[in-house]
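Student: Sharing a structure, written as structure tokens. Questions coming.
The values are calculated or read from the model by the stated rules, or taken from the named source; none is laboratory data. A quick note: this is a predicted structure, and the numbers were derived from the prediction, not measured. Cβ placement follows ideal geometry from the backbone for every residue including glycine, while neighbour counts extend to all protein chains displayed. The accessibility values were calculated without ligands, DNA or RNA, using every heavy atom of the protein model including side chains. Shrake-Rupley method; radii C 1.70, N 1.55, O 1.52, S 1.80 Å.
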Amino acid sequence: MTASHTYEVRAQHERFRGPVFRVVTDEVLMPGGRVADRDYLQHVGAVGVVAVDDDGQVVLIRQYRHAVRRHMWEIPAGLADVPGEELPEVAARELAEETDLEAGQLEQLLELHTTPGCSNERIRLYLARDLRPTAARFERHDEEAELEVRRFPLAEAVSLALAGEITNGPTVAGILAASHLLSR
């Protein structure tokens, strides 16, 4: 069945505004003429980097995520919050800031919506290869001050994701996509 209804937004009400996202309520025209409220986050967008070295190891970072109250293994990632900065530049910046690495080769891997039921956040994932140390080290603050960087064989990272040991959505998607692409 092809959707033909246009979900017109009749009004929008801002509930919260912060540096990373806004919380809004849209009044949306539904099929049949009813208007329903839909709350969601409007997010600035993000990038993630699946960095795989010449030995087939993926670089992951372990950092504290307050919303889930625990440390998590993740790919390096960050916000697309600098006006005019292209997404590949954001990816290179985040890789350098979080791992002290740069990539000789950076290619788009995939793009996904992280939680479309409650947010418009879209993240573009890149595959980084030909890794080398950056010339400069970055000073890390807050949760990033305790950031741990570790390399895992890609097959082990896939197993950790499938076993529920790695639960960050973009990380799981990126690891699986990189494994699929690199095994071909």
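Student: Which GluC sites (Glu not before Pro) does region 1-48 hold that lie in a coil by DSSP with at most 13 other beta carbons within 10 Å? Mind showing how you got there, number by number?
Tutor: On the way: sites: GLU8, GLU14, GLU27; in loops: GLU8.
Here the sparse-neighbourhood loop sites are GLU8.
Student: Mind checking which helices in the chain clear 20 Å along their axis (Cα) and have mean Kyte-Doolittle hydropathy of -0.5 or more, DSSP H runs only?
Tutor: Working: long enough: 169-183 (21 Å, 1.17).
Membrane-span-like by this criterion, though nothing is claimed about a membrane: 169-183.
Student: Right, here's the next one. Given 0.36 nm per residue, what is the gain on full extension from ARG34 to ASP142 after removing their alpha carbon distance, in nm? If you can, show how the numbers build up before the last one.
Tutor: Values: separation 108, 0.36 × 108 = 38.88 nm, distance 4.60 nm.
In short, 34.3 nm is gained.
Student: Follow-up question, since we're still on this one. Counting only heavy atoms of the protein chains, get the accessible area per residue of region 5-113 (1.4 Å probe) and round it to a whole Å² value. Mind dumping the intermediate values first?
Tutor: Working: 5890 Å² over 109 residues.
Per residue, region 5-113 has an accessible area of 54 Å².
Student: Could you run the Karplus curve 6.51 cos²θ - 1.76 cosθ + 1.60 with θ = phi - 60° over region 124-133 and give me ³J(HN,Hα) per residue in whole Hz, x for Gly and Pro?
Tutor: 9, 9, 10, 9, 10, 9, 6, 7, 8, x
Student: Placing unit charges on C-beta atoms (Lys and Arg positive, Asp and Glu negative, everything else neutral), compute the dipole magnitude of region 121-184 about its Cα centre in debye, rounded to 20.
Tutor: Values: 9 positive and 10 negative charges, 101 e Å.
The dipole of region 121-184 has a size of about 480 debye.
Student: Follow-up. Under 8 Å for C-alpha pairs, at least 6 residues apart: give me the relative contact order for the chain, rounded to a whole percent.
Tutor: Working: 365 pairs, mean separation 40.5, N = 184.
Rounded, it is 22 percent for the chain.
Student: Now a separate question. Near ASP26, within a Cβ-to-Cβ distance under 13 Å, what is the net charge of the other residues, with Lys and Arg +1 and Asp and Glu -1? Could the numbers behind the result be given before it?
Tutor: Working: positive: ARG10, ARG15, ARG22, ARG38; negative: GLU8, GLU14, GLU27, ASP37, ASP39.
Local charge sum for ASP26: -1.
Student: Could you give the distance between the Cα centres of region 57-93 and region 114-184, to the whole Å?
Tutor: The two parts, judged by their Cα centres, are 8 Å apart.
Student: Assigning unit charges at the beta carbon (Lys, Arg +1; Asp, Glu -1) and nothing else, what dipole magnitude in debye, to the nearest 20, does the chain show about its Cα centre?
Tutor: Numbers: 20 positive and 31 negative charges, 123 e Å.
So the magnitude is around 600 debye.
Student: Distance from a point 7 Å along Cα→Cβ of VAL23 to each backbone N in region 67-105: keep the residues under 19 Å and list them by number.
Tutor: It comes to 67-69, nothing else.
Student: Quick one: pull the percent of accessible area on the chain belonging to carbon and sulfur, 1.4 Å probe, ligands and nucleic acids left out.
Tutor: Numbers: 5220 of 10710 Å².
Taking all protein chains in place, the chain shows 49 percent carbon and sulfur surface.
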